[in-house]
Amino acid sequence: MMDIRNINVLVRKEVRESLKNRWFILYTAGFSILALLVMLFATSSGGLGGYSGFGRITASLINLVLFFIPLISIVTGAVSISGERENKTLAFLLSHPVSKSEVFIGKFTGLLISIWVSIVLGFGLAGVVAALRGGSEDASRYLMMALLSALLAASILSVGFLVSSLSRKVASAMGVAVFLWLAFIVLGDLGIMGTTIAMDLGVRQVFVLAVINPVEVFKMTAVMTLSPRFEVLGPVGIYALRTFGSAGTFWLLSGVMVLWTAVPLCIAMLSFTVWRREE
């Protein structure tokens, strides 16, 4: 049986180490500054047609979140276990009266909280400045965007932990993580487009291809928070609306993101606690 006190100690340890890590500080500062710049550009240039206030800022932030949050999350997760395994600190940690399950849950929770701190700082800074500039419309959409970004971070961090739990070397874990990040971000749209053309897929098959990519799922869900007209995503959006309805599509996509968090995390935990022996 796991001891919650041990988990709390490990969570605080991971949060402290993350907040002191210069790369994590750089990621956080970069995301916060870019979010502020995007907000300033959106409010000063008129932003995207059809949106105003926070809705305009939210639409402008989608691409920044798509690029930044998966990168931070998967790299952080990939080095979490493999790094300590390589420098032998993991074996030292496990020599203490803590279980592997407690270590795993403590590390994941601590790193997830740290990433959420980055997201809160980025969205919070841009949101406060936007409110001071008088852009108070559609604040609920902005908040939903932040919550979806937090869920995206959890799902990609889980994938990073799976990579890390299966790797003994940081270099190999980082290589796989970067490849997966490129696959999620760069090959997502292009891969779906190429596969659709090459295999002459129908709209149903294209929708399935889209929802198996957590980044694509985030993008579609984010668009839904901005507009009830899912048709802006083309035939796939029209198919989703006609098949599941607006509310059904939203909950389906949200559920897929939850599965992308739970399934890789459970496999990673099994790998770490049962299948592998730490030396």
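The values are calculated or read from the model by the stated rules, or taken from the named source; none is laboratory data. The structure displayed is predicted, hence computed values, not measured ones. Reconstructed Cβ throughout: ideal geometry from the backbone, glycine too, with neighbour counts over all protein chains shown.
Report, by residue number, each residue of segment 164-184 that is at pLDDT 90 or above and surrounded by 15 or more Cβ atoms within 10 Å (Cβ to Cβ). The answer is SER164, SER165, LEU166, VAL170, SER172, ALA173, MET174, VAL176, ALA177, LEU180, TRP181.
Given the criterion touching an Asp or Glu at 6+ places or on another chain (Cβ under 7 Å), in contact (Cβ under 8 Å) with a residue 60 or more places away in the chain and basic (Lys, Arg), identify the matching residue among LYS169, LYS100. Going through LYS169, LYS100 in turn, just one is touching an Asp or Glu at 6+ places or on another chain (Cβ under 7 Å), in contact (Cβ under 8 Å) with a residue 60 or more places away in the chain and basic (Lys, Arg): LYS169. Anything in segment 62-86 that is touching a residue at least 12 places away in the same chain (Cβ under 8 Å) and among the charged types (D, E, K, R)? List them, or say none. The answer is ARG85, GLU86. All of THR58, THR43 fail the test of being more than 16 Å from the chain's Cα centre (by Cα), crowded, with 24+ Cβ neighbours inside 10 Å, of a type in the set (Ser, Thr, Tyr) and at pLDDT below 85, apart from THR58. Kindly indicate whether any position in segment 82-103 is of a type in the set (S, T, N, Q), crowded, with 24+ Cβ neighbours inside 10 Å and over 12 Å from the mean Cα position of the chain (by Cα). Yes; the residues of segment 82-103 include at least one that is of a type in the set (S, T, N, Q), crowded, with 24+ Cβ neighbours inside 10 Å and over 12 Å from the mean Cα position of the chain (by Cα).
Quick one: which residue in ALA146, ALA126 is more than 27 Å from VAL274 (Cα to Cα), buried (at least 24 other Cβ atoms within 10 Å of the Cβ) and touching a residue at least 12 places away in the same chain (Cβ under 8 Å)? None of the other options fit; the residue is ALA126.
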